[in-house]
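Undergrad: Before anything else, here's the structure in question.
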Amino acid sequence: MSSKPAHGEWNLDADVILNRLRSGKRVRRSIRPRGRLNIDRPLPYLCAYRMQDGRENPSTAQLVTGLSAYITVSAERKQHPHLAAFLGTMSTELALDFGAFLLCELWARPLTDRGDGAEDRTVRIMYHDGAGLAPVVEELEAAIGQIQLPTLPRLRAVPVSRHRVAPLHLQPLIKEQERAASPNRHVIGIEIPTVYLSEEGTLFPTIHRALKRRLTQAINRAVYRFMREYTSHRPSHFQALGRRFLTKAAFVADADLAHVSGQFDFLLLTTPRNTDEAWRAFRRRHFEHPPRFSYRPLPFDVVLAKRALYDIPLEHIEDPTVADLFRSQQDEIDRKLSMIADRGTRRFVLESLQLYGGIDGKLLKQAVDLLERISPHAKESGSRKTVDSQALAARANEEIRFLRQQYDRVTSRVEVRPDITGLMVSHGNLLIGSEGRIPASRVEALIQHEVGTHVLTYFNAMAQPMQQLRIGLPGYEELQEGLAVLAEYLVGGLSRPRLRLLALRVLAVARMLDGASFIDVFRELEGRWQVAQRVAFTTTMRAFRGGGHTKDAVYLRGLIALLAYLQNGGALEPLFIGKIGLQHVSFIEELVQRQVLQPVPLRARYLDLPETQHRLKRIRDGIAVHELASPLTPFRRRATT
């Protein structure tokens, strides 16, 4: 049996759609007069929502659009025969293919007063008497009971066994006699209280977005249990049931966010361009007058960039996980634009605190502990032998060629520039200050910090469908710098002076936030902590640049957080997928399970060496931060073949 269009109103043919699915094609169709069918791939379930004109807010229909198989359709009486015929054919065929089929219907119920002044926030899970769905209903009940929405108490789920599973005033999508004739077809109803609407019908968007994401996960958990219990399909994880394909709206939003972010280089625009000149003037005036820093002119209009940023219609993205990531990214870009516009003002440091956080007592204590443990006279091994910027650039180019052998899309270049102090990766390119010299013993550590981490994750992200992994998800710097410093340890190059410098950066930021002046911080570093004058100047400059920058705290904080993650059993390799934070690991794992994200093409050279595995074992066994700088056998890279 096949459903046919009638009078130009119904335009879905179940046989055509089944043939597309069998040939490996996804289905995405608009339904006349209104509605949509989306099926990522052959799956033994479908979630339905029927829109009742004038009775419900259209936002309810959006609650099912995060699922990989859903249909939204008008509840008009004349549509029902076509819809029922279509679902009859689909469910019968898919039940034969998989052994069983689950039709899940969702509808809304207005909030009601329980009689004690509190609103009834109960989600009713309806299922047929004797259908044998107890495990699935229990899974759904537990998952919904875990839903916590902003500003609201937890929802409560209640199973209701009944003969008729359908919204009031609407006919069941699969009639009882049809279901009885084919008992491997099951129906579950989910009645949602409209906690996302006011009494007047105004949408609470934050609550609605949170409910959509968590309800999507709850339904996926229940469907996963259904498949494992009743069908021949064996998904590896409930997250594997999520959508595999991003819609056009998601790709457009991703490109638009990347375009706005690509208009500026945040690090370059918030770092002084006259550091060497300012140092000479500072020293010439006997360190008694604060230096004056200058910054690169803005190559874009901040107001226009913000206008373009908030013109991006993220509300059109159906996938709730991707929508949440993009929304937080939109906020992050906005904050960076504000910082750039407010360089040299008192607002800069407040915005920096919003982006990078401050210094809590625990982090400051750990920084001071490192400074007290590590002598100011500690030297780099072999520190008398140094390497200039050109030699460092040559070694960096060698490592980039190694990456390019793994992935031919690596286009990174090395630039030696007079307006840079130290090393910096920008848009996948390595920038090296032309005046710098470093101890030869630090070369491999710096190469793996910059190229083996920052460049590598940039191009791993290039292999993914979402550009945001290349730009950097919100708060990514902490994990990025933690990984980069960890790489220094894993190649045997995290020296005592280097670890001490990370602690000094935390201290400088803490003193700046406490209200100390540039001169005060410089003198404390040089005097109390016996830091060389130029190092004390650079460390202080980094804390005061732009008007007060807290970013330098992320190196030590990120390293400490990463150690805790690894000691708790976290996997290291997935962290190299792109520029992410530890807070994004669950998002990334979900997108990997769903096959939205692909395997990474690049792997750091040092990860496969025996000494690296030995050092990772030390970390997992509970090594302390200060022990990372213990004498180690330095990294010896294998020749490139």
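Undergrad: Please give the contour-minus-distance gain from Thr206 to Arg26: 0.36 nm per residue of separation, less the Cα-Cα distance, rounded to one decimal in nm. It would help to have the intermediate numbers written out before the result.
TA: Details: separation 180, 0.36 × 180 = 64.80 nm, distance 3.04 nm.
Gain on stretching Thr206 to Arg26: 61.8 nm.
Undergrad: A follow-up question, please. For region 130-220, state which GluC sites (Glu not before Pro) are in a DSSP loop and have at most 16 other beta carbons lying within 10 Å of their beta carbon.
TA: Working: sites: Glu138, Glu139, Glu141, Glu176, Glu178, Glu191, Glu199, Glu200; in loops: Glu199, Glu200.
Within region 130-220, the qualifying GluC sites (Glu not before Pro) (loop, at most 16 other Cβ atoms within 10 Å) are Glu199, Glu200.
Undergrad: Same structure again: Contour minus end-to-end for Glu76 and Phe300, with contour as 0.36 nm per residue of separation and end-to-end as the Cα-Cα distance?
TA: Additional length available on full extension: 75.5 nm.
Undergrad: Ordered by residue, what ³J(HN,Hα) values in Hz, to whole numbers, does region 271-285 give under the Karplus form 6.51 cos²θ - 1.76 cosθ + 1.60, where θ = phi - 60° and Gly and Pro are x?
TA: Ordered by residue, 3J(HN,Hα) equals 10, x, 9, 10, 4, 5, 5, 5, 5, 4, 5, 4, 5, 4, 9 Hz.
Undergrad: Give, rounded to the nearest 20 debye, the magnitude of the charge dipole that the chain has about its Cα centre when Lys and Arg contribute +1 at Cβ and Asp and Glu contribute -1 at Cβ. Display every interim value, and only then the final one.
TA: Values: 90 positive and 70 negative charges, 287 e Å.
Dipole of the chain, to the nearest 20 debye: 1380 debye.
Undergrad: Straight-line reach from Lys551: which aspartates and glutamates have Cα under 18 Å away, leaving out those fewer than 8 places along the same chain?
TA: Asp265, Asp331, Glu332, Asp334, Asp342, Glu351, Asp360, Glu450, Glu477, Glu478, Glu481, Asp514
Undergrad: From the Cα gyration tensor of region 469-511, with a ≥ b ≥ c the square roots of its eigenvalues, which class applies: rounded if a/c is under 1.5, or else prolate if a/b is larger than b/c, or else oblate?
TA: oblate
Undergrad: Any lysines with Cα under 27 Å of the Lys78 Cα? List them, leaving off those in the same chain fewer than 8 positions away.
TA: Lys4, Lys175
Undergrad: Using the beta-carbon distance between Asp334 and Ala181 and R0 = 45 Å, what value does 1/(1 + (r/R0)^6) give for FRET efficiency, to the nearest 0.05? Could you put the intermediate results ahead of the total?
TA: On the way: r = 57 Å, r/R0 = 1.28.
E(calc), rounded to 0.05, equals 0.20.
Undergrad: A further question on this structure: Show that you can apply the helix-only estimate: for the chain, add -39,500 (n - 2.57) for every DSSP H stretch of four or more residues, divide by all residues, and state [θ] at 222 nm to the nearest 500. Don't skip to the end; give the middle numbers.
TA: Details: 23 runs with 279 residues, N = 641.
Using -39500 (n - 2.57) per qualifying helix, the result is -13500 deg cm²/dmol.
Undergrad: Tell me which residues come under 5 Å, amide H to amide H, from Leu102 once H is placed; ignore anything under 5 positions away on its chain.
TA: Amide H to amide H, under 5 Å and 5 or more residues apart or across chains, Leu102 pairs with Tyr45, Leu46, His186.
Undergrad: How large is ³J(HN,Hα) for each residue in region 21-29, as worked out from phi by the Karplus curve 6.51 cos²θ - 1.76 cosθ + 1.60 (θ = phi - 60°), to whole Hz, x for Gly and Pro?
TA: Whole-Hz 3J(HN,Hα) from phi for region 21-29: 5, 5, 8, x, 9, 7, 10, 9, 10.
Undergrad: Pop out the ³J(HN,Hα) list for region 532-540 in order, Karplus 6.51 cos²θ - 1.76 cosθ + 1.60 with θ = phi - 60°, rounded to Hz; leave Gly and Pro as x.
TA: Once rounded to whole Hz, the list reads 4, 4, 5, 5, 4, 5, 5, 5, 5.
Undergrad: With a 1.4 Å probe and all protein chains left in place, how much of the accessible area of region 163-279 comes from carbon and sulfur atoms, in whole percent?
TA: Ligands and nucleic acids excluded, carbon and sulfur give 51 percent.
Undergrad: Before anything else, pin down the relative contact order of region 177-252: Cα pairs under 8 Å, at least 6 apart, normalised by residue count, whole percent. Please report the intermediate quantities before stating the final value.
TA: On the way: 29 pairs, mean separation 11.7, N = 76.
Over region 177-252, the number comes to 15 percent.
Undergrad: Still on this structure, please answer the following. With axes computed from alpha carbons, what is the tilt in degrees of helix 389-406 against the longest principal axis of the chain, rounded to the nearest 10 within 0 to 90?
TA: 20
Undergrad: Given axes a ≥ b ≥ c from the Cα gyration tensor, I'd like to know whether region 397-545 is rounded (a/c under 1.5), prolate (a/b larger than b/c) or oblate.
TA: The shape class here is prolate.
Undergrad: Sort 12-20, 455-463 for me by packing, meaning the mean count of neighbouring Cβ atoms within 10 Å per residue, highest on top. Present the calculation step by step, with values, prior to reporting the outcome.
TA: Numbers: 12-20: 17.0, 455-463: 23.6.
Ranking the peptides 12-20, 455-463 by packing returns 455-463, 12-20.
Undergrad: Then there is this: Pairing the Cα long axis of helix 518-527 with the longest principal axis of the chain, what angle in degrees results, from 0 to 90 and rounded to the nearest 10?
TA: Tilt relative to the chain: about 60 degrees.
Undergrad: Then there's this: Kindly express, to the nearest 10 degrees and within the range 0 to 90, the angle between helix 361-373's C-alpha long axis and the longest C-alpha principal axis of the chain.
TA: Around 30 degrees separate the two axes.
Undergrad: Measure off, as a whole percent, the carbon and sulfur share of the 1.4 Å-probe accessible area of region 310-383, all protein chains present.
TA: It is 48 percent, rounded to a whole number.
Undergrad: Oh, and also: Return the long-range amide H neighbours of Val425 (sequence gap of 5 or more, or a different chain), with a cut-off of under 5 Å between placed amide H atoms.
TA: For Val425, whose amide H was placed from the backbone, the distant partners under 5 Å are Leu431.
Undergrad: Kindly report the accessible area of the chain per residue (heavy atoms of protein chains, probe 1.4 Å, no ligands, DNA or RNA), in Å². Mind showing how you got there, number by number?
TA: Working: 27350 Å² over 641 residues.
In whole numbers, the chain has 43 Å² accessible per residue.
The values are calculated or read from the model by the stated rules, or taken from the named source; none is laboratory data. Source: prediction; values computed, not measured. Because the Cβ atoms are built from the backbone with ideal geometry, glycine has one as well, and the counts that use them run over all protein chains shown. Heavy atoms of the whole protein, side chains included, go into the accessibility calculation; ligands, DNA and RNA do not. Shrake-Rupley method; radii C 1.70, N 1.55, O 1.52, S 1.80 Å.
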